[in-house]
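Taking it in order: structure first as structure tokens, then the write-up.
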Amino acid sequence: MVKKTLITWWSIPLFCFSCFLSSFCYAEDLTEFDYPLLIGDWYWINPDVDALQTDSDNAASSYRAMNLKFSSNYEFSIRLLHKNGSIDKWEGEYDIDESSLTFIAQGQPIQQHQYMLSYNQFLLDGARFTKLAPDHLAGSWRSASISGKDVDPQLSGMSILLRPDFLFSAEISGHNGRKKEHRGIYYLEDDKLVLIYDGGQHQSQFEVDVSTLTLTNNMFGMKAIMTRN
């Protein structure tokens, strides 16, 4: 039988939700996805303004913008904004390996493309897409309250900076003045927020409005209510 121990603020790898690096904890579904950096909305804006103002038949110049959206259940959607303002859209499933991405959509030929991927840049057959974070989530947040049965009473607070380019930094502090900081990247899907940093990753659910961010981890019954700095 696994003996349950109190999580002390100085031993946790990332703020108060994090016993997930213990051998007694298991990754949730989203953290098990093989290509997490692909998840989200990607945008390409045609940089060739002159081509948009001509009647060129070049394929790239026929679009003002493109939007690709990928989910962890291997579904995708594509929206193409034409020069004349019309929009084409289709949805389907995708397959991916280390170098190629395959789109499978009903009524469309199967398409395979070469790609390169980082936490906020996606290069697809030479077209560079950028991932955009929700405006209301990016920013600097500081804890107003932290509660949960496994929260050490020595934990005095935490802060987290979620940058629009999907980099983050987080700091926890104790009543004795000790602090611990982590930096890394994050990604989102629906109400799930996953932080990836040197040594591990952590998933929590989030709710956000203009001035309040609530992070919860149902596995450990913990909640942090954050206010925008």
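Observations on the structure shown:
- Distance from the C-alpha centroid of segment 181-204 to that of segment 98-134: 22 Å, rounded to the whole angstrom.
- Low-density loop positions, trypsin sites (Lys or Arg not before Pro), segment 135-229 - DSSP coil, at most 11 other Cβ in 10 Å: 149
- Surface analysis of segment 76-118 yields an accessible area of 65 Å² per residue, using protein heavy atoms and a 1.4 Å probe.
- Farthest positive-ward along segment 168-229 dipole, Cα basis, beta-carbon charges - from 222, 208, 175: 175
- Share of carbon and sulfur in the accessible heavy-atom surface of segment 72-167 [1.4 Å probe, %]: 49
- Karplus 3J(HN,Hα) series, Hz, for segment 80-87 with 6.51 cos²θ - 1.76 cosθ + 1.60 (x for Gly, Pro): 10, 9, 7, 4, 7, x, 6, 10
- Taking GluC sites (Glu not before Pro) across segment 78-125, the ones in a DSSP loop with at most 15 further Cβ atoms lying within 10 angstrom of their Cβ are 98.
- Given 89/223; 149/192; 69/180; 131/223; 149/179, the pairs whose alpha carbons are separated by over 31 Å: 89/223; 69/180
- Residue-wise HN-Hα couplings along segment 202-211, as the Karplus relation 6.51 cos²θ - 1.76 cosθ + 1.60 with θ = phi - 60° gives them from phi, are 8, 10, 9, 8, 9, 10, 9, 10, 4, 10 Hz; Gly and Pro carry x.
The values are calculated or read from the model by the stated rules, or taken from the named source; none is laboratory data. What you see is a predicted model; the values in this text were computed from it and never measured. All Cβ positions, even for glycine, are placed from backbone atoms using ideal geometry, and neighbour counts span all protein chains on display. Areas reflect the complete protein model, heavy atoms only, side chains present, ligands, DNA and RNA absent. Shrake-Rupley method; radii C 1.70, N 1.55, O 1.52, S 1.80 Å.
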